[in-house]
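The values are calculated or read from the model by the stated rules, or taken from the named source; none is laboratory data. This structure is a prediction, so every number in the text was calculated from the model and none was measured. We place every Cβ from the backbone using ideal geometry, glycine too, and count neighbours over all the protein chains shown. Accessible surface is based on the protein model in full, side chains and every heavy atom, while ligands, DNA and RNA are left aside. Shrake-Rupley method; radii C 1.70, N 1.55, O 1.52, S 1.80 Å.
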Amino acid sequence: MHNIYDFDHQIDRHDTYCTQWDYVADRFGHADLLPFTISDMDFATAPCIRQTLATRLEHGVFGYSRWNHGDFKGAVSDWFASRYGASLDPETLVYGPSVIYVIAQLVSLWSAPGEGVLVHTPAYDAFGNMLAANDRVLLPCPLKKEQGSYQIDWAGFEQQAARPDCRILLLCSPQNPTGRVWTQDELSRMAAICQRHGVKVISDDIHMDVSFARYLPWSEVAPDDHWALVSSGSKSFNIPALGGAYAFIANAEARAAYLQRLKAAHGLSSPPILGVLAHISAYRDGAAWLDALKSYLHGNLAHVAARLNAAFPAIDYRVPEGTYLAWIDLRGLGIDSTERMDALQTLLVEKYRVAIMRGDTYGPEGNGYIRLNVGCPRSKVDQGLDALIGALGELG
């Protein structure tokens, strides 16, 4: 496959108003760093998408447009059917400007200010920021690391779900940053506990297409209609800047309430046409490119494991079941405190000129970890590893 698509080619992203490269100073204090940070990729998107966009640009008219048609809804639901064997009703599909926007609306529809939302931690930092900004309480359920793999603490999960103020499970599936792809058994157990305690489920499946283990959408285990599956092609096809996300909202009343917010309250129902077209193109014609991408990304993660574990066996890094994010446990090297992580970050930034996300960004459970984005050419991965291995060697 790789001879068709060239993922080794380096594209210069500087001066494109690019968050990861042009604004790295916002978080790391220096502009001239090699970044492994924001979870977007340094690859050009699929050729089918670029061709679709080029054709539309030639047309030249960019008036108001719609998402509520069979082409968009059918492309999305057909993708879930053909790729994951899941039957999701296209009539339950709605559009949103971003995954976090859709989740925020559902959170405010399904809970009251001051009430709780259950989240597996460590968690994507935007979850906590969004919940705090909407005056909701994040109820953590820390994942347990056992034999190198992350497991759910079932007693703790049920204890949180049983709280009278727990209204929603905000599930990240596959999980960011740990890269867990939940099994059918795990999803079914979560579903049973949530139903038992009247907890609704919002499943954020934005990383679904970069899963190396079998990914199963929430629809396949849901015992009722008190759920929504929110996703986008933005991560897997590297098109977040085109805008656009979607959700399957099973319950008709909830769907109507969401659409009232999108359309009437917030005036966001006319979508950027390029984002809609990109999604249709990705889901109709992008499968071969995605398969080649996944193979390349898995190779990058295996390369991280080989190099890191050869240099520092105590790290014992394992390739994740999903995502292109390497979640690396450095506690075996004595990097187990804020002070030690500060020292590592200072060395990486000041001497090695690389930006790698520190694990405590994703909550206290991330202490002693770093998150390395490998959605890039292998040569860049090697530059990041050179820096990390060098800095770890100096820290001693």
For this session: Would you tally the net charge around LEU392, using a Cβ to Cβ cut-off of less than 13 Å, leaving LEU392 out, and scoring K and R as +1, D and E as -1?
Result: +1
Exercise. Tally Lys and Arg at +1 and Asp and Glu at -1 over the other residues with C-beta under 14 Å from the C-beta of GLY286: what net charge comes out?
Worked result: +1
Exercise. Leaving out ligands, DNA and RNA, what percent of the accessible area of region 216-280 is carbon and sulfur, probe 1.4 Å?
Worked result: 52 percent
Seminar exercise, completed: Heads up, region 1-50 by the C-alpha gyration tensor (a ≥ b ≥ c square roots of eigenvalues; a/c under 1.5 rounded, else a/b over b/c prolate, else oblate) looks prolate
Problem set entry | Modelled FRET efficiency - R0 56 Å, VAL61 with ALA306, Cβ distances, 0.05 increments | 0.65
Seminar exercise, completed: The extension gain from ASP32 to ALA343, computed as 0.36 nm times the residue separation minus the Cα-Cα distance, is 110.0 nm
Problem set entry | For region 202-209, Karplus couplings with θ = phi - 60° (6.51, -1.76, 1.60), whole Hz, Gly/Pro x | 10, 9, 8, 10, 4, 9, 4, 6
Exercise. What's the FRET efficiency of ALA192 with ARG163 using the Cβ-Cβ distance as r and R₀ = 22 Å, to the nearest 0.05?
Worked result: 0.80
Exercise. Once amide H atoms are built 1.01 Å from N in the peptide plane, which residues 5 or more positions from HIS120, or in another chain, come under 5 Å H to H?
Worked result: CYS141, CYS172
For this session: Report the local net charge at SER270: Lys and Arg +1, Asp and Glu -1, summed over other residues whose C-beta lies under 12 Å from its C-beta.
Result: +2
Exercise. What accessible area per residue, rounded to a whole number of Å², is obtained for the chain using a probe radius of 1.4 Å?
Worked result: 40 Å²
Exercise. So how far apart, in nm, are the two label points at ASP224 and ASN129 if each is 7 Å from Cα heading toward Cβ?
Worked result: 3.3 nm
For this session: List the DSSP H helices in the chain whose Cα atoms stretch 24 Å or more along the helix axis and whose mean Kyte-Doolittle hydropathy is at least -0.5.
Result: 287-311, 378-395
Exercise. Kirkwood hydrodynamic radius of region 49-285 from all distinct Cα pairs, in Å?
Worked result: 18.3 Å
Exercise. Any idea which of GLY393, LEU293, HIS303 is furthest toward the positive side of the dipole for the chain, if Lys and Arg beta-carbons carry +1 and Asp and Glu beta-carbons -1?
Worked result: LEU293
Problem set entry | Debye, to nearest 20: dipole size of the chain, +1 on Lys, Arg Cβ, -1 on Asp, Glu Cβ | 380 debye
Exercise. Want the number for LEU268 to ALA252: 0.36 nm per residue separation, take away the alpha-carbon distance, what's left?
Worked result: 3.8 nm
Problem set entry | 25 Å Cα-Cα threshold exceeded, pairs from LYS200/LYS294; LYS235/LYS380; LYS235/LYS351; LYS294/LYS380 | LYS200/LYS294; LYS235/LYS351
